[in-house]
Amino acid sequence: AVDKDWLELPGAVDGSNYVVNTYYDGSNRNYTHLYDTSTYTSLWTAYHLNSSHMGTYSRPSSWSFSPGISQSLQVDLTDRSYNGNYSRGHLIPNASRNGSTTMQEQTYYVTNSVPQVHNGFNNGIWSTLEGDIRQVAIDNNEEIYVVTGVAFSKIGENKTIKYTTAKDDTKQVPVPNYFYKLVLRVKTSGSTVTDAYAVGFWFENKVYSGTTYTSNIKSVNEIEQLTGFDFFVNLPDSVEEKAEGYTSWVDLKGF
């Protein structure tokens, strides 16, 4: 998954059940994801974000299968969602790509969906965070970099995993116990990154009573330790080391 010019991409990982796809609108890249065919789950989805990606196109009326993966390795969520109080949780949100019909439709690939508690999470604290991340790109008129992912267990943890099914499919789909989101801003001199600031957010897949997410903040270093992934590997080493230790959302917005 490593392309040296794409700052949002995590480091490469090995696994015969892993598929890495990047989707495009013509020559413009949309997002990249790491899909685990054994769990029907995108473990992370990485994308760049600027104001040109956001617009006012209406949501598509249905979802579709990803053309880059065999349909037998995907869950049929094209017309209806999962059973239970789970929404088709976008990893890259519709509202972060509704300035292009092609890019928006690609966020409605079923491989961009995971079972996410809807009331009190997907439609609350999570939605608020996604909107505020978009606002950072708008307010600063710049490109920022986002990674959204899920985990079934923390590294070293033996966590019980629940399963659900889609209403139109019999495949057993594991429900992520955790969701996370990472945000990166950079400063450059020409094409060289000279400084960077990154923060992460970590959530349980559960009902939250409010929409304030600041207590869920973690450094990127901490989330790397929880997930085993290596994020933002295309930053210069000295910049990456410093950027991944920060934990202030206020400072990221003011960077």
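Here are the numbers:
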{"quantity": "Estimated FRET transfer efficiency (T101, R80; beta-carbon r; R0 25 Å; 0.05)", "calculated": "0.65"}
{"quantity": "Contour excess over end-to-end distance, with Cα ends at K253 and S209 and 0.36 nm allotted per residue", "calculated": "13.3 nm"}
{"quantity": "Region 1-93: mean projected area of Cα convex hull, nm²", "calculated": "7.5"}
{"quantity": "Distribution of pairwise C-alpha distances over the chain, 5 Å bins, in %", "calculated": "1, 6, 14, 18, 21, 19, 13, 6, 2, 0, 0"}
{"quantity": "Cα-Cα pairs of region 99-141 separated by more than 16 Å (percent)", "calculated": "58"}
{"quantity": "Efficiency of FRET from Cβ geometry, D230 and N17, R₀ 22 Å, rounded to 0.05", "calculated": "0.70"}
{"quantity": "Degrees between helix 125-140 axis and first principal axis of the chain (Cα, 0 to 90, nearest 10)", "calculated": "40"}
{"quantity": "Carbon/sulfur fraction of accessible area - the chain, other protein chains in place, 1.4 Å, %", "calculated": "42"}
{"quantity": "Residues listed by number, region 14-39, amide nitrogen under 11 Å from T170 label point at 7 Å toward C-beta", "calculated": "none"}
{"quantity": "HN-Hα J in Hz across region 115-124 - Karplus 6.51, -1.76, 1.60, θ = phi - 60°, x for Gly and Pro", "calculated": "x, 10, 3, 7, 5, x, 9, 4, 9, x"}
{"quantity": "Percent of Cα pairs exceeding the 20 Å cut-off, where the set is region 154-219", "calculated": "55"}
{"quantity": "log10 of Debye I(q)/I(0), alpha-carbon scatterers only, for region 149-192 at 0.20, 0.33, 0.34 Å⁻¹", "calculated": "-0.75, -1.12, -1.14"}
{"quantity": "Hydrodynamic radius of region 85-232 per Kirkwood, over alpha carbon pairs, in Å", "calculated": "16.6"}
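The values are calculated or read from the model by the stated rules, or taken from the named source; none is laboratory data. Nothing here was measured: the structure is a model prediction, and the numbers come from that model. Every residue, glycine as well, gets a Cβ built from its backbone with ideal geometry; the counts of neighbours run over all protein chains shown. Note: accessible area is taken over every heavy atom of the protein model, side chains too, but ligands, DNA and RNA are not part of it. Shrake-Rupley method; radii C 1.70, N 1.55, O 1.52, S 1.80 Å.
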